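Engineer: Next up is a structure, given as structure tokens.
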Amino acid sequence: MLDLFARNRVATLIVVLAVAYAAIGAAAPGYLSGATASVVISNSLVLMLISLGTMIVILTRNIDVSSGSVLGLSAAVLGLSLNAGAGLPLAIVFCLMTGAAAGAFNGLMVAYLGIPSIVATLGTLGLYRGIMLVLTGGRWIEDLPQGLKALAGNLGFGFSALTVVVLLLVALAWYVLRKTRFGRYFYAVGDNRAAAHHLGVPVRRVQFTAFVATGLCAALAGLVFAAQIGFIPNQAGNGVELKAIAVNVLGGVSLLGGTGSVAGVFSAVIFITSIDSALVFLKIPAYWNDFIAGAILLSVLLLDGRIRQIIDRRIRARRYAVHERGPVPSDEKTTANTVEAGR
Amino acid sequence: MTDQAATGRVAQLTDIWKSYGAVPVLKGVSLALQAGEVHALLGGNGAGKSSLMKIMSGVIPANSGAIEINGRPLTQASPAHAQELGLYLVPQEAHILPNQSVLENICLGLAASPRALRPRVEQLVAELAVSLDLDAQAAALEIAERQIVEILRGLVRDARVLILDEPTSALTPFETNALFQRVRKLQAQGVGIFFISHKLREIREICRTISVLRDGVIVLSGPLDSYSDAEIIDAMSRVQITEASGKDRTGRKVSQIGQPRLSVRGLSGEGFRNISLDVRAGEILGLAGVVGAGRTEFAETLFGLRPQTAGSVIFDGAEMKKRSPRICIDRGLVYLPEDRQQHGLFLEAPLFWNVSSYLVHRLPFFLRPGAERKVFETFRSSMGIKCTGPGQEARGLSGGNQQKVLLAKCLSARPKVLILDEPTRGVDVAARNDIYDLIRKLAAEGVAIILISSDFDEIEQLADLVEVMAFGQSGGELTDNISVDAIARLAFGASEARHA
């Protein structure tokens with residue numbers, strides 16, 4: 001039982017989430033409904049995209065703190081081109097290209113120029129926000145066409161076109177990272193860069209690709225943001241990158257690279273967004289949100305850490321138990337113990 | 001293809017030059033490797049051996065010169081390219097992805113999926129006669145198993161040229177034999193192998209030809225049979241290694257051994273149980289055994305790094321119940337760990353920090369780097385540490401010099417009892433002799449030394465008495481007639497019966 005939770009952050013999250021839902025449902029009847037689910041999902045889209053992108057970069061043992069600014073810049077490009085009379089498809093292409101270019105610049109600096117990712121993306125965090133402000137002249141972009149807002153409209157069951165796109169993207173990310181050779185490379189590069197290089201993995205290209213993917217995700221998040229809100233403020237996406245990093249940690253993605261799953265990130269995003277919606281429902285003032293989200297994040301991590309420690313201690317005890325028991329241990333026994341230790 | 005490969009030349013290096021900045025490390029090296037040849041490559045610290053290997057395997061580019069593998073030129077410095085041509089470097093320190101499974105570790109970088117390659121890997125594992133769980137997470141692998149993963153990586157890639165960089169430095173003799181059998185099989189299949197090792201006896205056993213590198217040039221090359229051990233060692237180090245530095249323990253033994261320093265009674269802990277031993281001032285106690293016998297765990301428990309479950313430790317006449325590294329260092333019980341990269345050195349820190357790090361809790365609040373540097377300089381001259389200065393980073397030093405820095409660190413604590421865990425692993429012959437001399441000198445000064453080593457030659461040369469551990473238990477004791485054979489009998493007695 002404990003093993004399950006230690007190995008699988010998703011399981012921990014789902015159990016905690018289920019308990020929380022049951023408690024809130026009991027305290028505020030009516031919370032557990034299709035309407036709540038729909039709100040949670042559509043509220044989670046932006047964070048989902050940013051977290052997914054951030055996860056890919058973290059897997060390769062880098063970090064990207066510029067996503068919020070990329071979101072803002074891409075959204076501004078989208079809004080400006082729409083207001084300049086471009087068609088919606090063309091504006092979306094511009095938006096995504098902006099994100100890809102911003103990600104490519106980050107990737108260029110980190111993978112090919114050797115600048116530490118935290119430094120490079122801290123720089124572009126300011127730079128991209130600055131470009132956005134220059135482009136917009138510091139003004140909010142309003143009067144966006146109805147066609148854009150319609151993307152966030154309900155198609156049925158509380159799903160919008162954007163929701164479908166994001167869910168498909170999550171599925172795609174899961175498939176690529178789990179089931180393809182190139183996906184495995186992301187894990188390999190983050191796990192041990194030297195080993196990956198030694199075995200012919202194109203380390204730099206993988207790192208570069210991760211940043212481009214992150215940029216694209218952030219641009220898509222910018223599109224979702226603009227469609228949902230209906231206007232683009234100067235500070236669009238401000239601070240979302242840190243929330244995304246917290247989500248990754250909560251979802252079991254190691255900041256040291258090499259481990260983490262799309263399922264974990266997905267559950268963590270739903271978890272965090274559910275907290276927000278529950279607080280609204282429980283009529284707790286909104287200014288409590290950050291406090292409660294932070295406290296829950298820390299509690300889950302603490303719980304998780306304790307479980308891991310207990311498991312480690314058990315594995316150790318089992319591994320060395322052969323020597324306590326007496327005579328010469330057989331080969332089989334030793335192997336069996338190593339196997340369990342490896343899990 | 002096999003016919004051609006079985007007769008021809010599989011690797012050819014012509015006039016390789018390489019320099020780092022203004023410092024030339026390779027000055028026109030040419031080497032050839034025939035199919036089915038096991039070619040020993042030797043060289044001291046800084047001889048250019050590792051640069052040569054890195055160039056061959058595409059890790060770094062050469063300044064000039066040509067490399068041909070399987071008749072095709074190595075045109076770009078990339079390991080993937082070298083592997084594609086059929087060359088695989090099995091590095092001394094295995095490259096492991098700790099979060100991936102063993103199978104994924106072996107198959108990473110190959111076009112086929114791990115699942116498709118599984119039967120082939122299983123077959124190779126069986127041929128190598130090792131027990132390895134392919135589904136275990138690689139983080140749980142011991143050093144020896146990591147080495148085997150690397151060898152399997154080379155084999156699964158069908159390499160025609162293998163470079164084995166000290167492949168046996170972490171293997172048990174049983175595993176070494178299995179490896180040698182595998183090497184002979186590969187040899188029969190026409191694979192050419194560069195075999196890098198500091199152990200002449202192993203080289204004699206497995207290699208046919210030898211090349212010795214010194215200061216970036218090949219100083220000796222040809223059939224192994226035509227050179228004596230002394231000639232080879234001479235070629236490697238300009239300093240003549242005299243017979244005197246071989247065995248002289250008898251001269252010291254009688255006069256200088258003093259009162260007991262450390263007595264261990266029935267100590268049990270993780271990976272070992274009921275170990276008792278005594279070591280007196282000026283005595284070298286060899287703690288022998290094979291990899292995995294529990295010697296390192298024992299030493300770490302003595303040093304307070306692991307919990308003990310039973311037994312007592314008496315140091316200088318008083319029992320030490322509570323032990324932590326800090327307490328041990330303060331009392332004069334000092335441990336030199338086995339894995340110098342992971343547990344010993346601060347790789348990015350300057351050398352003088354490394355040396356003073358043991359006593360960092362005794363340094364004044366406002367540091368005096370000048371004094372620390374002076375301490376380092378003393379050790380540098382007395383131990384012959386080759387470096388650019390006390391400010392150099394530890395990463396830049398060769399294995400032998402890194403080990404000397406670690407020894408200096410231990411000595412700065414003025415130990416009464418010094419536990420040395422594999423002090424000469426991955427260290428070349430010349431530096432190894434320096435370290436042996438140093439150990440003898442320390443003993444003569446009255447330090448009690450526990451020498452943990454899997455190299456039984458080393459134990460035979462240095463130890464005044466020997467305690468053998470096998471499978472976490474005491475395997476026996478030798479007080480006189482210490483010989484490699486006697487140690488091996490005790491260390492493998494159970495092991496051979498087990499595998500027979």
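The values are calculated or read from the model by the stated rules, or taken from the named source; none is laboratory data. Predicted model, so just to flag it, every value in this text is computed and none were measured. Every residue, glycine as well, gets a Cβ built from its backbone with ideal geometry; the counts of neighbours run over all protein chains shown.
Engineer: Residue by residue through region B:38-85, note down the ones that are within 13 Å of chain A (Cβ to nearest Cβ) and either assigned to a loop (DSSP other than H, G, I, E, B) or not hydrophobic (A, V, I, L, M, F, W, C) (or both). Give the derivation first.
Structural biologist: Let us first name the residues in region B:38-85 that are within 13 Å of chain A (Cβ to nearest Cβ), namely B:53-54, B:57-60, B:76-85.
Selection gives B:K54, B:S57, B:G58, B:V59, B:I60, B:Q76, B:A77, B:S78, B:P79, B:H81, B:Q83, B:E84.
Engineer: Residues in region B:290-329 that are under 30 Å from B:T168 (Cβ atoms), within 14 Å of chain A (Cβ to nearest Cβ) and assigned to a loop (DSSP other than H, G, I, E, B): how many? Break it down stepwise before answering.
Structural biologist: Residues of region B:290-329 under 30 Å from B:T168 (Cβ atoms): B:290-303, B:305-306.
From what's left, within 14 Å of chain A (Cβ to nearest Cβ): B:290-298, B:300-301, B:305-306.
From what's left, assigned to a loop (DSSP other than H, G, I, E, B): B:290-294, B:305-306.
Number of matching residues: 7.
Engineer: Take the residues in region B:164-185 that are modelled with pLDDT under 80 and assigned to a loop (DSSP other than H, G, I, E, B); name whichever of them is surrounded by the fewest Cβ atoms within 10 Å (Cβ to Cβ).
Structural biologist: B:T172
Engineer: Does B:Y335 count as at pLDDT 90 or above, among the aromatic types (F, W, Y) and not in a loop (DSSP other than H, G, I, E, B)?
Structural biologist: Considered against the rule, which asks whether it is at pLDDT 90 or above, among the aromatic types (F, W, Y) and not in a loop (DSSP other than H, G, I, E, B), B:Y335 comes out as yes.
Engineer: Here's a follow-up. Might you check whether a residue that is away from chain A (no Cβ under 14 Å), touching a residue at least 60 places away in the same chain (Cβ under 8 Å), within 14 Å of B:A288 (Cβ to Cβ) and in a helix (DSSP H, G or I) occurs anywhere in region B:470-483?
Structural biologist: no
Engineer: Between A:L177, A:L144, A:L169, which is in contact with a Leu (Cβ under 9 Å, 6 or more places away or on another chain), under 20 Å from A:A218 (Cα atoms), more than 14 Å from chain B (Cβ to nearest Cβ) and in a helix (DSSP H, G or I)?
Structural biologist: A:L169
Engineer: B:L97 fails exactly one of the following numbered conditions: (1) under 26 Å from the mean Cα position of the chain (by Cα); (2) within 8 Å of chain A (Cβ to nearest Cβ); (3) free of Cβ contacts under 8 Å to residues at least 60 places away in the same chain; (4) not in a loop (DSSP other than H, G, I, E, B). What is the number of that condition?
Structural biologist: Every condition holds for B:L97 apart from (4).
Engineer: Can you pull out the residues in region B:395-423 that are modelled with pLDDT of 85 or more and among the hydrophobic types (A, V, I, L, M, F, W, C)?
Structural biologist: B:V405, B:L406, B:L407, B:A408, B:C410, B:L411, B:A413, B:V417, B:L418, B:I419, B:L420 - these are the residues of region B:395-423 that are modelled with pLDDT of 85 or more and among the hydrophobic types (A, V, I, L, M, F, W, C).
Engineer: Condition first: buried (at least 21 other Cβ atoms within 10 Å of the Cβ) and within 11 Å of another protein chain (Cβ to nearest Cβ). Now tell me which residues in region A:197-214 satisfy that.
Structural biologist: Residues satisfying the conditions are A:H198, A:L199, A:V201.
Engineer: Still on this structure: Within region B:426-440, does at least one residue satisfy the condition of being hydroxyl-bearing (S, T, Y), in a strand (DSSP E or B) and at pLDDT 85 or above?
Structural biologist: There is no residue in region B:426-440 that is hydroxyl-bearing (S, T, Y), in a strand (DSSP E or B) and at pLDDT 85 or above.
Engineer: Tell me, please, whether a residue that is assigned to a helix (DSSP H, G or I), closer than 30 Å to A:G183 by Cβ, more than 14 Å from chain B (Cβ to nearest Cβ) and free of Cβ contacts under 8 Å to residues at least 60 places away in the same chain can be found in region A:224-243.
Structural biologist: No, there is no match, as no residue in region A:224-243 is assigned to a helix (DSSP H, G or I), closer than 30 Å to A:G183 by Cβ, more than 14 Å from chain B (Cβ to nearest Cβ) and free of Cβ contacts under 8 Å to residues at least 60 places away in the same chain.
Engineer: Looking at this structure, is B:S113 under 29 Å from A:L256 (Cβ atoms), facing chain A (nearest Cβ under 10 Å) and surrounded by fewer than 19 Cβ atoms within 10 Å (Cβ to Cβ)?
Structural biologist: yes
Engineer: Same structure again: Is it true that some residue in region A:180-196 is among the polar types (S, T, N, Q), surrounded by 17 or more Cβ atoms within 10 Å (Cβ to Cβ) and in a loop (DSSP other than H, G, I, E, B)?
Structural biologist: yes
Engineer: Sticking with this one: If we keep just the residues of region B:116-139 that are surrounded by fewer than 16 Cβ atoms within 10 Å (Cβ to Cβ) and part of a loop (DSSP other than H, G, I, E, B), which is farthest from the other protein chains (Cβ to nearest Cβ)?
Structural biologist: B:A129
Engineer: Quick one: which of B:A448, B:A491, B:A394, B:A431 is surrounded by 21 or more Cβ atoms within 10 Å (Cβ to Cβ) and within 14 Å of chain A (Cβ to nearest Cβ)?
Structural biologist: Residue meeting the stated conditions: B:A491.
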